[in-house]
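The values are calculated or read from the model by the stated rules, or taken from the named source; none is laboratory data. These numbers were taken from a predicted model, which means no experiment stands behind them. Backbone-built Cβ (ideal geometry, glycine too); neighbour counts: all protein chains shown.
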Amino acid sequence: MAVLWLDEIGADDLPRVGGKGASLGELTGADLPVPPGFVVTADSYRAFIEEAGIDDALFEAVDVDVEDSAALSTAAERARELIVETPFPEELREEVLGAYADMEGEPFVAVRSSATAEDLPDASFAGQQETFLNVTDERLLERVRECWASLFTQRAIYYRTKQGFSHDDVDIGVVVQRMVDAEKSGVMFTSHPSTGEATMIVEAAWGLGEAVVSGSVSPDNYVIERESGDVEATVAEKKLLCERDDETGETVEREVPEDKRDERVLSADDIEALVEIGERVEDHYGEPQDVEWAMVGDEVYMLQSRPITTISEADDPPAGGVADLEDAGAGATAPGVTDGSGAVRSESSGSAGTGPATGDLLVDGLGSSPGTASGAARIVTKLDELDKVGEGDVIVTEMTTPDMVPAMKRASGIVTDEGGMTSHAAIVSRELGVPAVVGTTNASRVLEDGQAITIDGEKGTVVAGRDGEDEREPVEEVRPQSPVKPMTATEVKVNVSIPEAASRAAATGADGVGLLRIEHMILSLGQTPAKYIEENGVDAYVTEIVEGVRTVADEFYPRPVRVRTLDAPTDEFRQLEGGEDEPDEHNPMLGYRGVRRSLDRPDVFAHELEAFRRLYGMGYDNVEIMFPLVNDAEDVHALKNCMEEVGIDPGKRRWGVMIETPAAALGVADLAETGIDFASFGTNDLTQYTLAIDRNNERVADRFDELHPSVLRLIGDVIETCREEGVETSICGQAGSRPEMVDFLVEEGVSSISANIDAVRDVQHEVKRVEQKLVLDSIR
Ligand code: PEP
Ligand code: MG
């Protein structure tokens with residue numbers, strides 16, 4: 001039987017329907033309020049791979065060294081291809097669509113993976129497999145296959161290998177269940193997840209539960225003493241909610257209306273109803289449960305329940321914790337013992353090896369995984385930076401993602417800005433036995449890279465300094481800088497690529513941002529823009545850009561922030577989910593990037609411009625638009641049309657182009673006539689295209705010279721023409737941080753220089769020195 005209804009399923013059916021399916025079936029049987037649905041059984045998945053003959057290829061593909069991230073990424077890609085490109089068998093297709101047609105009520109269903117090892121008590125595979133909401137018959141089959149494929153994501157392969165599961169032993173069912181149009185939702189621990197006390201913890205936010213589970217919103221937190229019924233409520237500021245867009249049927253993130261942001265989500269009656277259900281579930285299973293719930297009116301629905309995996313006796317190491325996962329010889333840590341890196345882990349604060357924390361309180365949040373840890377804070381803002389997380393460092397990040405798991409394992413502690421007790425960070429760190437503090441709101445902005453910190457995963461505190469013996473190499477000394485900011489006529493700005501760096505950048509005293517690259521915001525989504533939009537909707541995409549830019553624009557207001565439209569070469573996009581649809585180019589540097597791509601896909605580009613329009617609407621008149629890789633006036637006219645089409649008046653906003661090709665430099669007089677306010681030298685590309693030296697090719701790196709006379713000649717001529725035409729000039733390439741280039745530019749009369757954060761102070765001094773020299777020369 002390819003499909004089983006939830007009321008035909010019990011806990012014993014786990015091998016056939018997976019953990020989630022079995023649990024939902026069991027709850028349905030116990031008369032608990034579970035939305036109706038069915039499961040595409042694990043046997044169907046098995047039959048699918050075996051009948052198509054892709055099983056051997058699949059398991060071979062994923063048999064790799066999981067610590068080698070390149071191999072892991074190729075393995076996951078290959079496995080996914082095998083599954084999603086194999087046709088769906090006709091008989092199964094009919095059965096699944098037939099069952100869907102038999103379901104009563106609304107057309108929208110949730111499609112959830114249900115792996116056969118997923119919910120075992122000793123292996124919480126949190127966040128591993130796909131879930132799709134608001135699916136209709138149109139995409140149902142596609143989503144089922146994607147659930148199957150999600151058994152082979154990088155993180156799933158990594159997890160299984162490390163936990164000692166054979167890939168062949170884990171199957172996957174897919175739950176298809178009626179959507180609940182939740183007004184409120186969240187999670188509930190029927191007992192305290194760390195200590196096991198008879199205290200219920202409920203987290204609640206507005207709208208669909210995705211926002212809470214993914215950690216993108218900090219939910220209200222209610223602690224309920226089961227005996228006395230006392231409730232301690234911590235009401236969070238809830239800026240976002242997830243809901244179904246009525247037109248597209250997609251789940252979209254929306255801003256919570258002002259008056260509901262600080263409003264308490266759960267009334268006393270709601271809490272009573274949840275506690276009643278929580279107690280029934282716990283009684284049914286005879287052990288504490290972690291429940292996902294949703295409410296429509298005063299109806300409560302249970303979306304999932306599973307045993308809490310991490311309650312442990314105070315003195316025992318955690319089940320399936322650090323010791324199990326640590327590589328042999330990598331310095332497996334016992335509770336409270338300093339490991340080779342000097343980081344201290346303990347299962348309860350105050351164990352041997354830890355003294356009282358000494359430093360000042362830096363930030364605080366929710367203690368979500370008990371124990372204390374000391375180490376160097378590592379501010380992680382995107383996947384590529386995971387490499388910098390060494391053994392014993394403390395990951396400090398906005399919110400962890402499933403792909404961060406290998407780094408989370410190396411870390412001695414985790415600190416996140418966002419999320420609640422059931423966010424990805426909280427669940428995984430508890431299972432790894434890594435102390436964690438989540439929902440601090442600002443740790444990644446307040447803490448500094450390399451800063452020594454001590455976290456307490458019970459109290460939820462992060463304090464300055466290390467607690468205990470320090471055997472690590474001392475953290476890199478921050479280069480001492482003169483505290484005095486010199487006044488200069490030429491503006492000195494700063495380059496920013498990740499919004500998280502905004503406050504550090506602003507602290508340099510720079511006159512604005514000369515280049516804000518938005519590629520990093522987009523790449524950190526983990527999906528190509530097309531894929532992201534397909535899965536999350538246009539609004540979410542625009543919101544991502546708005547929020548990223550806004551962080552920087554806020555930090556610098558009213559100083560100008562020059563935001564560059566997307567310029568990622570296709571080889572960078574290929575790394576992302578959805579990257580398989582990117583063109584495979586011989587030379588991506590000469591290919592489909594910058595405004596060439598934007599003008600080729602005005603439909604996608606319009607969403608980027610829409611973000612600017614919204615920012616202007618929000619009052620960020622310090623935002624300027626800069627276009628990359630422009631060649632000629634024809635490009636610029638087309639770009640102006642695009643701006644006008646989304647409702648941006650080029651006459652009212654400040655905007656300009658990068659000078660990155662000899663064509664742009666030689667034709668700058670024509671560019672100036674189009675109405676640009678500024679031209680900014682992208683010397684990384686200008687040098688590459690002038691000298692025909694691939695900037696990424698280390699074999700010719702010694703010939704890559706931004707000070708080559710021909711490059712300087714192009715730059716000098718552009719400055720001269722622009723001065724005549726009243727167009728400002730600037731530099732935002734790497735060379736703007738080099739003193740020789742600074743000297744040249746100031747002498748030529750450039751309007752501003754944008755440098756790297758660390759170089760800003762030196763550049764300010766250099767500019768001042770040259771300016772004074774010019775003044776002296778003129779009067780001598
Ligand atoms: C440049 O080319 O100098 C530049 C600043 O852009 P990017 O490095 O992002 O190509
Ligand atoms: Mg460039």
Members of region 81-137 found to be modelled with pLDDT under 85, among the aliphatic types (A, V, I, L, M) and more than 27 Å from the chain's Cα centre (by Cα), listed by number: 120
Complete set of residues in region 545-602 that are closer than 23 Å to residue 678 by Cα and in contact with a strand residue (DSSP E or B) (Cβ under 7 Å, 6 or more places away or on another chain): 549, 552, 553, 556, 560, 561, 562, 563, 564, 565, 595
Output for region 649-689, where each listed residue is closer than 10 Å to residue 632 by Cα, within 16 Å of ligand 2 (Cβ to nearest atom) and among the small types (Gly, Ala, Ser): 663, 664, 665
Elements of type strands (runs of 3 or more DSSP E) contained in region 490-574, each with 2 or more residues being more than 21 Å from the chain's Cα centre (by Cα), away from ligand 2 (no atom under 16 Å from the Cβ) and not aromatic (Phe, Trp, Tyr): 491-496
Within region 131-146, considering residues that are in contact (Cβ under 8 Å) with a residue 40 or more places away in the chain and over 21 Å from residue 115 (Cβ atoms), the one surrounded by the most Cβ atoms within 10 Å (Cβ to Cβ): 134
Only listed residue being β-branched (Val, Ile, Thr) and within 16 Å of ligand 1 (Cβ to nearest atom), chosen from 595, 646, 636, 604: 595
Subset of region 575-630 [within 16 Å of ligand 2 (Cβ to nearest atom) and among the hydrophobic types (A, V, I, L, M, F, W, C)]: 589, 590, 595, 625, 626, 627, 629, 630
Residue tally, condition surrounded by fewer than 19 Cβ atoms within 10 Å (Cβ to Cβ) and outside any helix (DSSP H, G or I), over region 3-24: 2
Exclusive hit being assigned by TED's automatic domain parsing to the domain that holds residue 621, more than 16 Å from ligand 2 (Cβ to nearest atom), without any contact (Cβ under 8 Å) to a residue 60 or more places away in the chain and surrounded by 19 or more Cβ atoms within 10 Å (Cβ to Cβ), set 715, 719: 719
Residue 701 vs. criteria within 16 Å of ligand 1 (Cβ to nearest atom) and either of a type in the set (Lys, Arg) or under 26 Å from residue 516 (Cβ atoms) (or both): no
Matching residues, region 177-193, being of a type outside the set (Lys, Arg) and out of contact with any Ser or Thr (no Cβ under 7 Å at 6 or more places or on another chain): 177, 179, 180, 181, 182, 183, 185, 186, 188, 189, 190
Residue 683 vs. criteria in contact (Cβ under 8 Å) with a residue 40 or more places away in the chain, crowded, with 22+ Cβ neighbours inside 10 Å and either within 18 Å of residue 565 (Cα to Cα) or away from ligand 1 (no atom under 16 Å from the Cβ) (or both): yes
Residues being more than 13 Å from ligand 1 (Cβ to nearest atom), within 32 Å of the chain's Cα centre (by Cα) and either closer than 24 Å to residue 741 by Cβ or part of a loop (DSSP other than H, G, I, E, B) (or both) - total across region 651-666: 3
Yes/no for residue 71 being of a type in the set (Gly, Ala, Ser) and modelled with pLDDT of 90 or more: no
Elements of type strands (runs of 3 or more DSSP E) contained in region 175-286, each with 1 or more residues being farther than 30 Å from residue 144 by Cα and at pLDDT below 90: 199-206, 220-225, 231-234, 251-255
Residue list for region 694-709, filter: within 14 Å of ligand 2 (Cβ to nearest atom) and either of a type outside the set (D, E, K, R) or touching a Pro at 6+ places or on another chain (Cβ under 6 Å) (or both): 696, 704
